[in-house]
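Right, one structure below, let's go through it.
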């Protein structure tokens, strides 16, 4: 490798243990040397999974270590802004788990600070490398459905019981499904289509006793395209993940990219040659007209790979690539979230600001 970057990982709950640690460990050029964690069980797992790393109980042990090149922040959303700011002020390249911040004002401040310090700042929107999203991206780029008129994405779960001991379920800024799952769907839509002109939204609580939003319906309006983004914690049925409608045909995809579930099982990408590949049973269905030929059948899902996020980070740091997930993209996600809440609260359509 041209250079080895030492990584300080802040947080070893799900964000650090499942979604970042194994991916960083699978990308040559990165070495996790310090992990901040205080909970006994998480400390035990961090020692087990990264025996060469130092597990520290003070964030300053990472931020004041001159050997640390890159700080990865994988803690609850309310802590993102303050920790990212500390990291940048310490002259560290910084990655923040999604969503970026609670407010777009906080995002703007971090972007300005990263530019002043000339340090990389990116947000871990890993689902840019979901296999179904990559497939959808290619279908749209190749205009296999003709002119796209409707794009729908559903990210649902069935969790009727509320976990009151988790920060995501409390009544506080940054909690709830819109920030959690919504940030994925919004980022994907912006990544494909840019910023909308108008937004309609319904954000609320469906479960009895719920304190944080547990469902949303967002409609993003473009010149000749309608984008519908939906999520609920009370969907037991198998609804399609993606629905694309064009003036030549349609594409419908059920099921989710397998990488998250594999990571939850403890699998590590570098140990599996078929990482990110999906079973044929979950491939999407297309029904369209291409060059006068009616085509109907399954579309093989592209190979997903969350490692490509960190590979792009590495290539950007050594000057061989440009940043794919920019902080301005992630700031725009927060802007859409703010506008969606405004639309829902006022019961009106909101113009993008």
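Of everything in region 226-236 that is under 21 Å from residue 348 (Cβ atoms) and in contact with a helix residue (DSSP H, G or I) (Cβ under 7 Å, 6 or more places away or on another chain), the residue that is surrounded by the most Cβ atoms within 10 Å (Cβ to Cβ) is 229. Annotation: of all residues in region 295-340 being in contact with a strand residue (DSSP E or B) (Cβ under 6 Å, 6 or more places away or on another chain) and closer than 30 Å to residue 200 by Cα, the one that is surrounded by the fewest Cβ atoms within 10 Å (Cβ to Cβ) is 325. Restricting 18, 35, 23, 4 to residues that are surrounded by fewer than 22 Cβ atoms within 10 Å (Cβ to Cβ) and over 14 Å from residue 67 (Cβ atoms) narrows the list to 18. Restricting 166, 94, 103 to residues that are within 21 Å of the chain's Cα centre (by Cα), surrounded by fewer than 23 Cβ atoms within 10 Å (Cβ to Cβ) and outside the structural domain of residue 207 (by TED's automatic domain parsing) narrows the list to 103.
Listed here are the residues, each with its yes/no results for (1) surrounded by fewer than 17 Cβ atoms within 10 Å (Cβ to Cβ); (2) closer than 22 Å to residue 142 by Cβ.
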residue	(1), (2)
179	no, no
190	no, yes
195	yes, no
200	no, no
206	yes, no
213	no, no
216	no, no
240	yes, yes
247	yes, yes
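Scanning region 283-304 for residues that are within 20 Å of residue 153 (Cα to Cα) and either touching a residue at least 40 places away in the same chain (Cβ under 8 Å) or part of a loop (DSSP other than H, G, I, E, B) (or both) returns 283, 284, 286, 288, 299, 300, 301, 302, 303, 304.
The values are calculated or read from the model by the stated rules, or taken from the named source; none is laboratory data. Just so you know, these numbers come straight off a predicted model, no measurement behind them. Glycine also receives a Cβ, built like all others from the backbone with ideal geometry; neighbour counts cover every protein chain displayed.
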